[in-house]
Amino acid sequence: MEIIIQKDQANQRCDRFLRKFCKAYPQVKLSDIYSWIRKWTIRVNGKRVKEEYRVLEGDEIQIPEECLWKKDKQAILTQKEKKFQKLNPEIVNSWIIYEDENWIVFNKPAWIVIHPSNKHRNDLCMNDYLERYCEKQGINWGSTFKPSFWYRLDKDTSWVLIAAKNYEALQYINKIIRDRAISKEYITIVAWKFPKHLIINKAIEKTYNSKFDRAQMQLNETDWMDSKTECRLEKTLKHQQLWDISLLRVKLYSWRMHQIRIHLSSEWYPVLWDLIYWKPALNRIIYKSLHIQRQLLHCWKYQFKNIDGKTISFQAEIPQEFKLFI
């Protein structure tokens with residue numbers, strides 16, 4: 001079998017390309033791919049290459065036919081169709097707030113995960129919605145690339161969610177994230193009366209919480225990752241059971257897991273309904289009074305320079321749970 005590398009497949013490691021390509025062949029194991037490379041079974045332009053070789057547009061990869069065999073299309077189709085039967089394409093259209101040749105931007109509602117996982121194997125995720133939308137719109141992609149989201153987030157957080165429609169766009173947005181050349185703002189509601197302006201610059205590290213069976217963050221000034229959060233007070237409200245609560249606009253200068261939640265909790269202004277970084281008594285009051293069962297954190301604005309150099313900005317509508325307070 002001969003594979004010609006297309007533009008949206010170029011500039012990635014040879015082993016990474018093969019791993020994506022061989023997803024269509026479930027009988028092929030990861031160890032098989034690396035064995036083929038080490039034993040020179042696979043060649044690029046007729047030459048031996050190493051795993052780290054970056055494929056170029058126009059490269060020809062030769063894979064012997066005997067290495068691959070027919071995939072079980074029916075089993076894969078059945079698994080997908082079972083999930084897609086629950087998918088309403090009209091809902092997907094209502095979530096889209098922007099689209100051009102490079103990006104599809106969603107206002108993701110709470111309680112939907114981004115990628116499939118062991119805990120959500122049979123649940124619809126944003127990847128499923130994106131795939132079905134692209135199929136309906138006739139958006140084509142190569143054998144190793146399809147429109148994809150470039151970051152994860154908590155399932156109960158709502159926010160602006162951006163998918164790259166081509167490999168060039170995906171590489172570009174990964175680069176501006178590394179260069180911190182992208183602006184991301186949140187809104188959140190916290191307990192107590194917040195100051196007008198507060199910058200939190202505390203180092204944090206990633207740990208594991210056995211109670212919740214998940215990763216979490218904690219402050220650590222010795223083995224640290226620099227983390228900076230800027231908060232501005234929008235308004236303070238009186239609540240019958242919660243006393244003072246505050247609506248904030250939050251800007252991140254470093255993108256760490258749970259950064260906003262751990263920083264605000266460390267200053268004794270916990271995000272409402274934060275199950276990990278604050279006491280459950282506060283959450284019980286929220287549920288009894290307003291029946292809200294998710295953390296009140298919403299990423300509402302993204303801004304960055306597009307591939308053509310022009311600044312683009314996306315802003316999502318404020319969720320209903322926030323309006324109940326505001």
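The values are calculated or read from the model by the stated rules, or taken from the named source; none is laboratory data. Computed from a prediction, not measured in an experiment: that's the story for all the values here. As a convention, Cβ positions derive from the backbone with ideal geometry for all residues, glycine included, and neighbour counts pool all protein chains shown.
Taking the criterion of being assigned to a loop (DSSP other than H, G, I, E, B), out of contact with any helix residue (DSSP H, G or I) (no Cβ under 6 Å at 6 or more places or on another chain), at pLDDT below 90 and within 25 Å of residue 287 (Cβ to Cβ), would at least one residue in the stretch 193-206 satisfy it?
So far as the stretch 193-206 goes, no, none of its residues is assigned to a loop (DSSP other than H, G, I, E, B), out of contact with any helix residue (DSSP H, G or I) (no Cβ under 6 Å at 6 or more places or on another chain), at pLDDT below 90 and within 25 Å of residue 287 (Cβ to Cβ).
Under the condition of being out of contact with any strand residue (DSSP E or B) (no Cβ under 9 Å at 6 or more places or on another chain) and not aliphatic (A, V, I, L, M), which residue from the stretch 287-312 is nearest to residue 257 (Cα to Cα)? First the steps, then the outcome.
Of the residues in the stretch 287-312, the ones out of contact with any strand residue (DSSP E or B) (no Cβ under 9 Å at 6 or more places or on another chain) are 287-288, 290-293, 307-310.
With not aliphatic (A, V, I, L, M) added as a condition, the list becomes 287-288, 291, 293, 308-310.
Details: 287: 25, 288: 29, 291: 27, 293: 21, 308: 30, 309: 29, 310: 29 Å.
Result: 293.
Restricting attention to the stretch 300-312, does a residue exist that is touching a residue at least 24 places away in the same chain (Cβ under 8 Å), part of a loop (DSSP other than H, G, I, E, B) and either closer than 17 Å to residue 159 by Cβ or over 24 Å from the mean Cα position of the chain (by Cα) (or both)?
Checked against the condition, which is being touching a residue at least 24 places away in the same chain (Cβ under 8 Å), part of a loop (DSSP other than H, G, I, E, B) and either closer than 17 Å to residue 159 by Cβ or over 24 Å from the mean Cα position of the chain (by Cα) (or both), the stretch 300-312 yields no hits at all.
Can you name every residue in the stretch 10-38 that is assigned to a helix (DSSP H, G or I), modelled with pLDDT of 85 or more and charged (D, E, K, R)?
Those that are assigned to a helix (DSSP H, G or I), modelled with pLDDT of 85 or more and charged (D, E, K, R): 15, 16, 19, 20, 32, 38.
Evaluate the stretch 295-312: report whether one residue or more is farther than 30 Å from residue 208 by Cα, hydroxyl-bearing (Ser, Thr, Tyr) and not assigned by TED's automatic domain parsing to the domain that holds residue 101.
Scanning the stretch 295-312, I find at least one residue that is farther than 30 Å from residue 208 by Cα, hydroxyl-bearing (Ser, Thr, Tyr) and not assigned by TED's automatic domain parsing to the domain that holds residue 101, so the answer is yes.
Within the bounds of the stretch 226-240, is there any residue that is crowded, with 20+ Cβ neighbours inside 10 Å and within 21 Å of the chain's Cα centre (by Cα)?
yes
Can you find a residue that is modelled with pLDDT of 80 or more and surrounded by fewer than 16 Cβ atoms within 10 Å (Cβ to Cβ) anywhere in the stretch 140-151?
no
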